[in-house]
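To start, the structure under review is shown below, and the notes come after it.
The values are calculated or read from the model by the stated rules, or taken from the named source; none is laboratory data. Remember, predicted model here, so these are calculated numbers, not experimental data. FYI the Cβ positions are ideal-geometry reconstructions off the backbone, even for glycines, and counts take in every protein chain you see.
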Amino acid sequence: STQMNRLLQGDVGSGKTIITVFAMLLAIENGFQAILMAPTEILAEQHFRSISNLLNNQPEIRIALLKGGNYRGKKGVKEKIKNGEIQIIIGTHALIQKDMEYQNAGFVAIDEQHRFGVKQRAVLSRKNKHPDLMYLSATPIPRSLALTVYGDLDISVLDELPPNRKPIKTLWRGATKKNLVYDEVREQLQKGRQVYIVCPLIEESAKMDLLDAETLYKRISQKIFPEFKSSLLHGRMKTAEKDEIMEKFKKKKIAILVSTTVIEVGIDVPNATVMIIEHAERFGLSQLHQLRGRVGRGSEKSFCYLIAYPPISKEGRERLNIMVETNDGFKIAEKDLELRGPGEFFGTAQSGIPTFKHANIVRDRELLKQARILAFKIINEDYDLKGSKNEILKKHYFQKYFEREKLFDF
């Protein structure tokens, strides 16, 4: 059988986790261990909790969470992973540390794969004997780009949301209309709903005239919504402190969470129905879409307020308009690509995207598809490019792409 090498793309809340669990169970049924690597401890812990809950009626399947740093019991968990006592291993970069050993890992899922470097992803694959690989992405990638960057992967797309999910209503408001937004938010809070408020900075900066989370938290808790319990969350806090705040928010002990973008990925609180993004004009489309995806996870109608401050650039206005117009992550990704170009969309150094003198991968997508088909035909017929008719191609390839090939050598 052939090793799986698949990119699973699905918008926020489309069901990637449940598909991953089914794939894990299939691996376990065939005598293998299954691994899920996440970019942050918050997300890894959430995966651990949700997968443990899904499999709570199967006590014979043992699940472990492995985090960075030293803590009591970590050595024992690693020993059990090594001897195969634990079948599902969930963790962060701790899973690729030098001393990590697996007995028989047959399936590896990498969540939010764009947050790991190419070499980090490769280490996990090399630690095991050619496991099936599945890369998960909640950042929808335009098909034309996916074919370029992930040309060697099979691509599966989840383009529908689960039933009963209502579309999120997105509104763009100028900073002068913030009080009207707060009036609407108060209505949601009075119904027992919860609210996220996201700021671009943790604390006040002399270099940037932006509203920071600490200042806004004081304002929210003391002046604007003193009757509701609010809390502050940011990346400089200790893991235990962040976990405690998120746990209280999930249990509805906190009504308003003022945060930085630390909540961008993976936080799941169905009762949270409002997202306010301060200085929305400063965020990229992908990040705005990810943040908006923190709400709309329950059956109640949800709202996302984009608060923008002047001056707003032409591109900034276009970004805000597309967010108001659609909830479709793939349409947003296409617009993002159009606005920023392929290099910036991914970060060329990380992704290995080629730079073209004349071609445009958005405009020339049909030509790109034909080139991809021909490239696979050449490789299938002459894998090492040893044939005389491929001599020029091989020479050009090594001159231009050899260094990049070493980067992707896994």
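Just give me the residues in the stretch 20-50 being in a helix (DSSP H, G or I), modelled with pLDDT of 90 or more and more than 14 Å from I110 (Cβ to Cβ), in sequence order.
Across the stretch 20-50, the qualifying residues are V21, F22, L25, L26, A27, I28, E29, F48.
Within the stretch 298-315, track down each residue that is touching a Lys or Arg at 6+ places or on another chain (Cβ under 8 Å) and not β-branched (V, I, T).
S299, E300, K301, S302, F303, C304, Y305, L306, A308
When only residues in the stretch 54-82 that are of a type in the set (D, E, K, R) and modelled with pLDDT of 90 or more count, which is nearest to K238 (Cα to Cα)? Give the steps one after another, and end with the answer.
Taking the stretch 54-82 and keeping what is of a type in the set (D, E, K, R), we get 60, 62, 67, 72, 74-75, 78-80, 82.
Still in the running and modelled with pLDDT of 90 or more: 60, 62, 78-80, 82.
On the way: E60: 34, R62: 28, K78: 24, E79: 27, K80: 28, K82: 29 Å.
Per the stated criteria, the residue is K78.
Do you know which of the residues in the stretch 95-130 that are surrounded by fewer than 19 Cβ atoms within 10 Å (Cβ to Cβ) and touching an Asp or Glu at 6+ places or on another chain (Cβ under 9 Å) is modelled with the highest pLDDT?
Q103
Of the residues that sit in the stretch 163-186 and are modelled with pLDDT under 95 and under 27 Å from the mean Cα position of the chain (by Cα), which one is farthest from C304 (Cα to Cα)?
Looking at residues that are modelled with pLDDT under 95 and under 27 Å from the mean Cα position of the chain (by Cα), I get P163.
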